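**Student:** Let me give you the structure first, and then I'll get to my questions.
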Amino acid sequence: MASVNPFNLSDSEEEAERRPNETVDTERSPSDGAPGPPGNPFSPPADAEPPTLLLSSNRTSPSGEGISVLASAPSAMAGTAETRVSVDVIAAQLLKDQYILTALEFHTELLEAGRELPRLRDYFSNPGNFERQSGTPPAKDQVLGPGGPLNRAGSISTLDSLDFARYSDDGNRETDERVAVLEFELRKAKETIQALRANLTQAAESDVPSQERKNFKSSPDIQEPIRPLEKRALNFLVNEYLLKNEYKLSSITFSDENDDQDFELWDDVGLNIPKPPDLLQLYRNCGSSPTSPRDRVDASVGVDLGDLSGNRFVQEPMKKPDLSQQQQTEVVQELEYQLNLLSSEKQSLADQIKKLQSEIQTLKRTVSSPPPTSLDLVSQNSPHPSSSSSSNSNSCSANPSVPPTDNGQYLDIRGVSESESVPAPPSNQNPSQPHSQCCHKVVRQQHVQFDQPNRKLSPAFQQALLSFCRMCPDSRLGAEVSRIADNEDSVMLMLGRCLPHIVPNVLLAKREELIPLILCTACLHPEPKERDQLLHILFNLIKRPDDEQRQMILTGCVAFARHVGPTRVEAELLPQCWEQINHKYPERRLLVAEACGALAPYLPKEIRSSLVLSMLQQMLTEDKADMVREAVVKSLGIIMGYIDDSDKYSQGFELMLLSLGDPSERVVNAVHQVFIPAFAAWTTELGTLHTALIPSLLARIEKLLKQGEHGLDEHKLHIFLSALQSLTPPLFAVVLQNAPFTSRVKLHGDIPAIEVTRFPRPASPLQDMATIIGSREMLSALLLLYDHQLEHEGTTGWDSLLWVVNQLLPQLIEIVGRINVTSSTCVHEFSRFFWRFCRTFGKIFTNTKVKPQFQEILRLSEENVDASAGNGILTKATVPIYATGVLTCYNQEEDRKLLVGFLEDVMTALSLSHAPLDSLKASFVELGANPVYHELLLTVLWYGVVHTSALVRCTAARMFELLVKGVNETLVAQRVVPALITLSSDPEISVRISTIPAFGTIMETVTQKELLERVKMQLASFLEDPQYQDQHSLHMEIIRTFGRVGPNADPRFRDDFVLPHLHKLALANNSQSVESKKIDIAIHLFEAYSALSCCFISEEVMVNHFLPGLRCLHADMEQLSQEHEVILSSMIKECEIKVENRGMSDTQGSISIASSLVGEDAKTKFLSKMGQLTTSGAMLANVFQRKK
């Protein structure tokens, strides 16, 4: 027998993949005929005894040992020829035998000699080689393999803290303090490892999808985008190159541009990635040909020598073929490689056929025996004589088409039927039993037999001899390995024992891969305690599960619930939810909230409406995280969809109000999207939607209005009104489903499609009318009959619709008349409610049922307006809500005409009766927010401009002020300014004065110079025309307008026009003889100057106009108001100080500019230096400590 190398050169499968060409320097194919060093450098001389190696005699494919045997043949032929051992081979053997310190010293000496070895560099730069999963020392007789754990302390990047004498034969001599320190280091190391793994996982998850990668491979001219991990590695190498070659400034700039990466620590790039060579080395090696796929050999897989091409060992001159020839060569190589693989597979199958045929012959000569419940790998090798009959063996061997394929080495753990698990009866068995079933029983029940040597060793000697086989059945894992399960129950028990030890050692980012295993074991495990432990592991699998991981766990919980039934869900899953209801991490509480909703269909109905409802209510009131309360509300909605206890209605109503009052917008959105539709569906089944739920909300709104006479709580009003709005689709569904025509619905035939704009856009699918009714076909058929019934047959006998018309609408209109018209929020809320209400119930219903009720209340006549009290119906919020909520539902020509006519009538009625214009202003503000209605509003105002009554023209002029801010400048130039110019020349002075606020608003909002000049000329005519010199009301309106628009107007307009004219008005007011007029002008001037004092005013204007105007006003206030005089004195003093400071700053301007530039430069340099610091936090803190 040829000598066998006891020091196998292949370390592991990972080593084989990492260095596929490591044997190029030390091995040559015997077929080459080239004289060279033998393949085994550690082969002993010819006169030495050949070492032995215990190998399995029935291996079907050679492993790494097999390769070394083949390679040792040249070594035996070489005899005593002197060989030179490669340093790479020595390093490989040291690492394989775990001589880590020796390998480290070897690595250090090679570095000092300038001969860095890539194998050692990669090994010691990879922190993953030094991880240890548990803190327990290995047993004395436990030998660690090449990939075994290595004891390590807290450091993850050096070997300085490794204590290899920690577990010596003398026993553990560490003190308790040392143990505590080591445990702390271990804990910190594990936290660091988890952080690095999370970094790697994040980078891997953002990788290019496999389909895109295929596209890039199929199209060579398209370059695959860089991946995050590649980018970080290249950044590190580029920075290293810049530093090595003295490009320090470029390195600093490069570091600043990549501030999310630590360029002094390679481990920051990613976990378990060895540091590659530098850029120079990569550039020098870039011309070498890439490794062919067939050059890589797995050490544990049999390799045909024909697969190893000769050009792997012979260096041929490099030639650069053209692209097409190179591609053809690669295709040929790939086909040859696949051909070799198929040949190897064919040979392997042929060998297996021969082996199976020999086993069939062996079975004919063996006697079967009952199968043991488990196999002990230590005692397997001792003979076990059988005592059973061989009839089953003979019957099975008669059918060679079903041979046993495992030779007794593996037990069949696949599921079997009850008939297969029953023991075979005695010899009087029914001879007509199917032959295949009998054969399968034999394969299952026969005891495995091994060829025994014809030796006479004593059992004690044989056992002692086998004890030298290095096995560890005494440990927990060794016991599990040596006891292979032979049925389903044993598999479940084994998984229940092993999973608690497997889960903590799996990466956090990949633990969801264990969910199927945990769930299957928890479903089928016979022990309740073990099942509880497994479900506890499931809910604690990930510390802070993200959205995708939570979905996976919830999917598993639902699958578990479907499999085990409601009783076990209540007994096993719900306690896990209850335990984590107050967990410190919101992601875990979020998982509980989502699980309650997902498990609702699979729980007993008593638990669903009691325990689960109470859990969710507690989380809704106590949890501080918005996302948890949002999930709670959605789960409550699901519970409402499955609850059938009518006594829980009041609790559901209170939960709806509680969740609607939540401060988080996302929680309130979840209420409208999920909870209210589900709760409304339940109340629809109970028949209480329009008899209890909606009336309760209306009663609360009325109570709120009564309490809010002095101050309405608009937030609560919004809550109740939004709930009513979300209940509108279910209410319309009740009207359709309880209509007289429901028995006449026919779904066959041509049913027209529903218009897209027929219903308002639903907030969620649960508010979609088609979803509520059941299908779009049914909804379309019902709508046809609904419109026909309203238009031709009336509402007789239609109780639900009569309740809407006779009770709901009048109550809503009454509530609308009681809200404050000046509250734009309330007006907007009710306007949107009526708009959605009318769109939901349809155009015919709006025209025949809604509009008549509003028109009956809004009788447009002068008698309806009480001018003295100002509380007529036209001054209430009914006007803007009817105009913006009802008349704008449909935008056809007749609808627009109706809206224009209504606004014109309201403007005329309010103007002629001298009533407040708040209702008309609210209508213009609400409609002006939508550009669609700008032309319509301008038409209404033009009607007022040309009206015969001066009161109506004054109202139109004041309405322009509201409209200017929202209208584009083109309409302002074409429609607004001409109308205002027309009104500014009106015979009535009151009309002209009414145009001043609108002109001021134009100066505040418009940017076109031509427009501004026209407005400026018109205002100048008001101020400078002699006919207006004694117009006290005009002067007051101009001063009020200047104070309002001055701070926001163009600075040049303010400096050149506003402030000089205010100065003139203040100066003229000093000579005013009428004290009442003097006080009015002074008060308005004081307000205007107070507003303008916050603006930046140039020194010239300050000295020439602003300060003189203030002094004139101060002179008036000394006589009129002492309080205002004090304030004006302080304002004048501040302005004078500003003027003085500006004069001083002009002389020191150049010095201050230079000093500020120097200061900015110093600050920039300091911050840049701080950004370059890469020291630890402790070292950075020491920089700023005061020396003692």
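The values are calculated or read from the model by the stated rules, or taken from the named source; none is laboratory data. Here the structure is a predicted model, which is why all the values come from computation and not from measurement. Every residue, glycine among them, receives a Cβ derived from its backbone with ideal geometry; neighbour counts consider all protein chains shown. Note: accessible area is taken over every heavy atom of the protein model, side chains too, but ligands, DNA and RNA are not part of it. Shrake-Rupley method; radii C 1.70, N 1.55, O 1.52, S 1.80 Å.
**Student:** Filter the range 934-974 for residues that are closer than 20 Å to R1014 by Cβ and among the polar types (S, T, N, Q) and give the result.
**Tutor:** Matches in the range 934-974: N968, T970, Q974.
**Student:** Mind listing just one residue for me: the one in the range 630-645 that is part of a loop (DSSP other than H, G, I, E, B) and either of a type in the set (F, W, Y) or touching a helix residue (DSSP H, G or I) at 6+ places or on another chain (Cβ under 7 Å) (or both) and, of those, surrounded by the fewest Cβ atoms within 10 Å (Cβ to Cβ)? So that I can check it myself, show each step before the final result.
**Tutor:** In the first step, residues of the range 630-645 are kept if they are part of a loop (DSSP other than H, G, I, E, B); the result is 643-645.
With either of a type in the set (F, W, Y) or touching a helix residue (DSSP H, G or I) at 6+ places or on another chain (Cβ under 7 Å) (or both) added as a condition, the list becomes 643-644.
On the way: I643: 22, D644: 11.
Once the filter is applied, the top-ranked residue is D644.
**Student:** Now a separate question. Tell me the residue from H583, H563 that is at pLDDT 85 or above, open to solvent by 20 Å² or more (accessible area, probe 1.4 Å) and closer than 22 Å to M627 by Cβ, please.
**Tutor:** Values: H563 fails: closer than 22 Å to M627 by Cβ.
Only one candidate qualifies: H583.
**Student:** For the range 1071-1105, what are the residues that are open to solvent by 20 Å² or more (accessible area, probe 1.4 Å), within 25 Å of V1139 (Cα to Cα) and either in a helix (DSSP H, G or I) or charged (D, E, K, R) (or both)?
**Tutor:** Result: F1086, E1087, S1090, A1091, E1099, E1100, V1103, N1104, H1105.
Table: residues versus (1) within 17 Å of A922 (Cβ to Cβ); (2) out of contact with any helix residue (DSSP H, G or I) (no Cβ under 8 Å at 6 or more places or on another chain); (3) modelled with pLDDT of 90 or more; (4) not acidic (D, E).
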{"residue": "H828", "(1), (2), (3), (4)": "yes, no, yes, yes"}
{"residue": "I844", "(1), (2), (3), (4)": "no, no, yes, yes"}
{"residue": "E863", "(1), (2), (3), (4)": "no, yes, no, no"}
{"residue": "D866", "(1), (2), (3), (4)": "no, yes, no, no"}
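**Student:** Identify, from the list A956, A973, A929, the residue that is within 14 Å of R992 (Cα to Cα) and either aliphatic (A, V, I, L, M) or crowded, with 22+ Cβ neighbours inside 10 Å (or both). Spell out how you get there, then give the answer.
**Tutor:** On the way: A973 fails: within 14 Å of R992 (Cα to Cα); A929 fails: within 14 Å of R992 (Cα to Cα).
Result: A956 is the single residue among A956, A973, A929 that is within 14 Å of R992 (Cα to Cα) and either aliphatic (A, V, I, L, M) or crowded, with 22+ Cβ neighbours inside 10 Å (or both).
**Student:** How about the range 816-828: which of its residues are assigned to a helix (DSSP H, G or I) and buried (at least 20 other Cβ atoms within 10 Å of the Cβ)?
**Tutor:** Of the range 816-828, the ones assigned to a helix (DSSP H, G or I) are 816, 824-828.
Correct list: V816, C826, V827.
**Student:** Out of all the residues in the range 534-562, which are aromatic (F, W, Y) and more than 19 Å from N582 (Cβ to Cβ)?
**Tutor:** Start the filter on the range 534-562 by keeping residues that are aromatic (F, W, Y), which leaves 539, 560.
F560, the sole residue that qualifies.
**Student:** State yes or no: is E316 modelled with pLDDT of 70 or more and open to solvent by 80 Å² or more (accessible area, probe 1.4 Å)? It would help to see each step written out before you state the result.
**Tutor:** Values: modelled with pLDDT of 70 or more: no; open to solvent by 80 Å² or more (accessible area, probe 1.4 Å): yes.
Spelling it out, it is not the case that E316 is modelled with pLDDT of 70 or more and open to solvent by 80 Å² or more (accessible area, probe 1.4 Å).
**Student:** Scan the range 358-381 for residues that are exposed (fewer than 12 other Cβ atoms within 10 Å of the Cβ) and modelled with pLDDT of 65 or more and report the count.
**Tutor:** First, the residues of the range 358-381 that are exposed (fewer than 12 other Cβ atoms within 10 Å of the Cβ): 358, 361, 365, 373.
If we keep only those that are modelled with pLDDT of 65 or more as well, we get 358, 361.
Qualifying residue count, the range 358-381: 2.
**Student:** Here's a check for you: in the range 932-946, which residue that is surrounded by fewer than 18 Cβ atoms within 10 Å (Cβ to Cβ) and more than 47 Å from the chain's Cα centre (by Cα) is nearest to K897 (Cα to Cα)?
**Tutor:** Among those residues, the one meeting the criterion is T939.
**Student:** Related question: Filter the range 457-509 for residues that are among the basic types (K, R), part of a helix (DSSP H, G or I) and at pLDDT below 80 and give the result.
**Tutor:** Start the filter on the range 457-509 by keeping residues that are among the basic types (K, R), which leaves 470, 476, 483, 497.
Now drop any that are not part of a helix (DSSP H, G or I), which leaves 476, 497.
R476, the sole residue that qualifies.
**Student:** A follow-up question, please. With T691, T683 as the choices, which residue is more than 23 Å from Q617 (Cα to Cα) and β-branched (V, I, T)?
**Tutor:** Working: T683 fails: more than 23 Å from Q617 (Cα to Cα).
Within the list T691, T683, the selection yields T691.
**Student:** Note down all Cβ pairs under 8 Å where the first residue falls in the range 673-684 and is at pLDDT 95 or above and open to solvent by less than 20 Å² (accessible area, probe 1.4 Å), the second is in a helix (DSSP H, G or I) and among the acidic types (D, E), and they're at least six residues apart or on different chains.
**Tutor:** As it stands, the answer is none, since no pair meets every condition given.
**Student:** Let me ask something else. Condition first: more than 22 Å from M619 (Cβ to Cβ) and either open to solvent by less than 70 Å² (accessible area, probe 1.4 Å) or over 20 Å from the mean Cα position of the chain (by Cα) (or both). Can you find one or more residues in the range 535-555 that meet it?
**Tutor:** Yes, the range 535-555 has at least one match.
**Student:** On to the next question. For residues that are among the charged types (D, E, K, R) and either touching a Phe, Trp or Tyr at 6+ places or on another chain (Cβ under 8 Å) or in a helix (DSSP H, G or I) (or both), tally how many sit in the range 699-752.
**Tutor:** In the first step, residues of the range 699-752 are kept if they are among the charged types (D, E, K, R); the result is 700, 702-703, 706, 709, 713-714, 716, 744, 746, 750.
Still in the list and also either touching a Phe, Trp or Tyr at 6+ places or on another chain (Cβ under 8 Å) or in a helix (DSSP H, G or I) (or both): 700, 702-703, 706, 714, 716, 744.
Summing the residues that are among the charged types (D, E, K, R) and either touching a Phe, Trp or Tyr at 6+ places or on another chain (Cβ under 8 Å) or in a helix (DSSP H, G or I) (or both) in the range 699-752 gives 7.
**Student:** Restricted to the range 905-916, and to residues that are under 57 Å from the mean Cα position of the chain (by Cα) and surrounded by fewer than 19 Cβ atoms within 10 Å (Cβ to Cβ), which residue is modelled with the lowest pLDDT?
**Tutor:** Looking at the filtered set, the residue picked out is P916.
**Student:** Okay, moving on. Among the residues of the range 95-127 satisfying the criterion of being assigned to a helix (DSSP H, G or I) and in contact with an Asp or Glu (Cβ under 8 Å, 6 or more places away or on another chain), which is most open to solvent (accessible area, probe 1.4 Å)? Give the steps one after another, and end with the answer.
**Tutor:** Looking only at the range 95-127, we keep the residues that are assigned to a helix (DSSP H, G or I), and these are 95-96, 100-112, 118-124, 127.
Restricting the remaining residues to those that are in contact with an Asp or Glu (Cβ under 8 Å, 6 or more places away or on another chain) gives 95-96, 110, 119, 127.
Numbers: L95: 9, K96: 43, L110: 13, R119: 19, P127: 14 Å².
Here the residue is K96.
**Student:** Oh, and also: Taking S1098 as meeting all but one of (1) modelled with pLDDT of 85 or more; (2) within 20 Å of M1003 (Cβ to Cβ); (3) not hydrophobic (A, V, I, L, M, F, W, C), write down the number of the exception.
**Tutor:** (1)
**Student:** Exactly one condition in (1) farther than 16 Å from E829 by Cβ; (2) open to solvent by 40 Å² or more (accessible area, probe 1.4 Å); (3) touching a residue at least 12 places away in the same chain (Cβ under 8 Å) is false for V667; which is it?
**Tutor:** Unmet condition: (2).
Conditions (1) in a loop (DSSP other than H, G, I, E, B); (2) within 24 Å of E935 (Cα to Cα); (3) of a type in the set (F, W, Y); (4) in contact (Cβ under 8 Å) with a residue 24 or more places away in the chain, marked per residue:
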site: A973; (1), (2), (3), (4): no, yes, no, yes
site: I981; (1), (2), (3), (4): no, yes, no, yes
site: S990; (1), (2), (3), (4): no, no, no, yes
site: G1000; (1), (2), (3), (4): no, yes, no, yes
site: F1022; (1), (2), (3), (4): no, no, yes, yes
site: D1030; (1), (2), (3), (4): yes, no, no, no
site: M1036; (1), (2), (3), (4): no, no, no, yes
site: T1041; (1), (2), (3), (4): no, no, no, yes
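**Student:** Would a scan of the range 226-243 turn up a residue that is modelled with pLDDT of 85 or more, of a type in the set (D, E) and either touching a Gly at 6+ places or on another chain (Cβ under 6 Å) or exposed (fewer than 14 other Cβ atoms within 10 Å of the Cβ) (or both)?
**Tutor:** Scanning the range 226-243 turns up no residue that is modelled with pLDDT of 85 or more, of a type in the set (D, E) and either touching a Gly at 6+ places or on another chain (Cβ under 6 Å) or exposed (fewer than 14 other Cβ atoms within 10 Å of the Cβ) (or both).
**Student:** Can you tell me which residue within the range 244-278, out of those that are aliphatic (A, V, I, L, M) and at pLDDT 85 or above, is farthest from the chain's Cα centre (by Cα)? Can you show your working first?
**Tutor:** To start, the set of residues in the range 244-278 that are aliphatic (A, V, I, L, M) comprises 249, 252, 265, 269, 271, 273.
In the following step, the residues that additionally are at pLDDT 85 or above were identified as 249, 252.
Working: L249: 39, I252: 34 Å.
Per the stated criteria, the residue is L249.
**Student:** To continue, here is another question. Which of the residues that make up the range 976-1002 are open to solvent by 10 Å² or more (accessible area, probe 1.4 Å) and over 17 Å from V952 (Cα atoms)?
**Tutor:** Once the filter is applied, which keeps residues that are open to solvent by 10 Å² or more (accessible area, probe 1.4 Å) and over 17 Å from V952 (Cα atoms), the range 976-1002 yields only P978.
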